[in-house]
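K.L.:
Let me begin by handing over the structure; questions about it come next.
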Amino acid sequence: MLARSGFSLPTRTTLTGDWADLLREHFVALDVSDIEDGDGFSGAVHSAQLAHVRVSAVQSMEQRIVRSSSLIKSDGADYLQIGMIRRGSAVVRQDDRECVLRRGDYVLYDTTRPFDWQIEGHAHDGIWGLEVFTWPRSYLSLSDAEVTSLTAIAFDGHAGLSGLLGRFLHDLASVRMTSDASGDEEEVVNEIGSLVKSVLHATARPIVSRRTGLYESALSAIDARIADPALSPVDIAGSVKVSIRQLHRAFAEHGTTVSRSIRSRRLDGCRREIVQRHGVERSLTQISHRWGFTDLAAFSRAFKAEFGISPRQYRSQAVAPTSTAR
């Protein structure tokens, strides 16, 4: 018999620990943030168990869902999951990759390593829908190397072999939570597992983020005005003609912020100039001012935090003559 259980938050609630607790109950320990309308927050999760596969349907508002290293240590859950977007869109990051999911697309992710979902709701009402399929890691018989090579890659849920699996999984989520399973559920689960492994190996395709172009344009705008000490995210948003909110989202998709990018590009520019031939002739104060720093002490602290060595030490090591063992 198929075990069925459904849980949902009240239609309106504030974002306390309730939503994170509900996600933990159905999945693994997760942090939730970036809820824009806390007073109007709503979310629901419905799950069913089919032999080794847990099938879940999740619906909520725009938010970021993160599994951090500390949360992994707290519960040690060892699952492989497939998440399929049914409404809205999402950016998923894991293993130094990211992908964009739109309706019907799906992604594999591993609960034993950090991952990050940034989920946006439908333009009409801000609500997104997600179907999640959870297997014990050992059941799919994928090696660590195979899993690492396949996470955070978008699969097309509409065409080809990946589309076949996408339709199969969606039907499973639609039917199995509303009806009793037949006696051959073990056979169904085995077929799912075989199809999942075939698709993961055969049809993975990366989807380029729709904000990649904006991100690259913003970096060019930063580089063009890098010497301006007052350069701010507002200035960059104006340069590329987008809202500050759009700009921040583009940088968030790449795992960083506008301010952090400005600082890191300034520091890298200083680092390169310090050891260049003409840079050796300039003082650290001159170099730091050239790259937008107004205070030498603040620059030195930032440089050491970024590279693990002070700019003076970096310069002395770079220009010191190399000794040869005799």
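The values are calculated or read from the model by the stated rules, or taken from the named source; none is laboratory data. Bear in mind the structure is a predicted one, so any value in this text is a computation, not a measurement. Note: ideal-geometry Cβ built from the backbone for every residue, glycine included; neighbour counts use all protein chains shown. SASA here: full protein model, heavy atoms, side chains in, ligands and nucleic acids out. Shrake-Rupley method; radii C 1.70, N 1.55, O 1.52, S 1.80 Å.
K.L.:
How much of the accessible area of segment 225-265, in percent, comes from carbon and sulfur atoms when a 1.4 Å probe is used?
P.N.:
55 percent
K.L.:
I'd like the accessible area for H248: 1.4 Å probe, protein heavy atoms, all chains in place, Å² to the nearest 10.
P.N.:
Estimated to the nearest 10 Å², H248 gives 80 Å².
K.L.:
Take the Cα atoms of segment 225-275, build their convex hull, and give its volume per residue in Å³.
P.N.:
About 73 Å³ per residue, rounded to a whole number.
K.L.:
Counting only protein chains, not ligands or nucleic acids, how are I274, I244 ordered by accessible area (probe 1.4 Å), most first?
P.N.:
Greatest to least solvent exposure: I244, I274.
K.L.:
Can you list, largest first and rounded to whole Å, the semi-axes you get for segment 263-313 by taking the square root of 5 times each eigenvalue of its Cα gyration tensor?
P.N.:
15, 12, 10
K.L.:
Around S68, which amide H atoms from residues at least 5 apart in sequence, or from another chain, sit under 5 Å from its own amide H, with H modelled in the peptide plane?
P.N.:
Counting only residues 5 or more places away or on other chains, the set is D31.
K.L.:
Let me ask something else. Listed highest first by mean packing, meaning other Cβ atoms within 10 Å per residue, what order do 27-33, 136-142 come in?
P.N.:
Result, highest mean first: 27-33, 136-142.
K.L.:
Please give the solvent-accessible surface of R64 in Å², to the nearest 10, using a probe radius of 1.4 Å with every protein chain present.
P.N.:
Counting only protein heavy atoms, the figure is 90 Å².
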